[in-house]
Amino acid sequence: MPWLFALACSQAVASEGCYGNLTELVRSSNFPFGRIEPGKINLLIDDDTGDRVLARLRFDTEGTGTLGWIEYLVDQRQLFNVSADQEEPALLKFSARHAAGFEACRTGKAVAPDRYSATRLQL
């Protein structure tokens, strides 16, 4: 049983370290950012099941700073804008390079983008 817990913890740590790749994937997309520069957008992960990530797009402001919601299907490499309607989400385009980086990072095959260090994840 302890090894299952360790595996779950390792996967959780890997996912958290890889969210930078997912943020860059969203920033590279055709999400309707309006007047907000994509580089100022950050993600607040609401749910990560391993094959699906639901996140809120946020930016620094004095108000709530919520721009919208995305859903990313990891295995299908599909990104959706679910801000207006979760039943009929809008499919978004994005840079495949960031999808590959997110995938590789989650499997421990790459370094998570981190502007403060270049430490390789050890699983």
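Take region 22-31 and flag every residue that is touching a strand residue (DSSP E or B) at 6+ places or on another chain (Cβ under 7 Å), outside any helix (DSSP H, G or I) and under 22 Å from A104 (Cβ atoms). Of everything in region 22-31, just one residue is touching a strand residue (DSSP E or B) at 6+ places or on another chain (Cβ under 7 Å), outside any helix (DSSP H, G or I) and under 22 Å from A104 (Cβ atoms), namely S29.
Give the residue that is nearest to the chain's Cα centre (by Cα), with candidates limited to residues of region 55-94 that are touching a residue at least 40 places away in the same chain (Cβ under 8 Å) and assigned to a strand (DSSP E or B). Checking each candidate, the answer is Y72.
Only one of the numbered conditions (1) modelled with pLDDT under 85; (2) more than 17 Å from K40 (Cα to Cα); (3) surrounded by 17 or more Cβ atoms within 10 Å (Cβ to Cβ) is violated by P113, and that is (2).
Quick check: anything in region 34-53 at pLDDT below 95, basic (K, R) and more than 24 Å from K109 (Cα to Cα)? Checked against the condition, which is being at pLDDT below 95, basic (K, R) and more than 24 Å from K109 (Cα to Cα), region 34-53 yields at least one hit.
Residues in region 16-42 that are more than 19 Å from P89 (Cα to Cα) and not polar (S, T, N, Q): 13 in all.
Checking each residue in region 32-48 for being under 11 Å from R58 (Cα atoms) and in a strand (DSSP E or B) picks out N42, L43, L44, I45. Scanning region 95-110 for residues that are more than 11 Å from the chain's Cα centre (by Cα), assigned to a strand (DSSP E or B), surrounded by 15 or more Cβ atoms within 10 Å (Cβ to Cβ) and at pLDDT 90 or above turns up nothing.
The values are calculated or read from the model by the stated rules, or taken from the named source; none is laboratory data. These figures come from a predicted structure and were not determined experimentally. Every residue, glycine among them, receives a Cβ derived from its backbone with ideal geometry; neighbour counts consider all protein chains shown.
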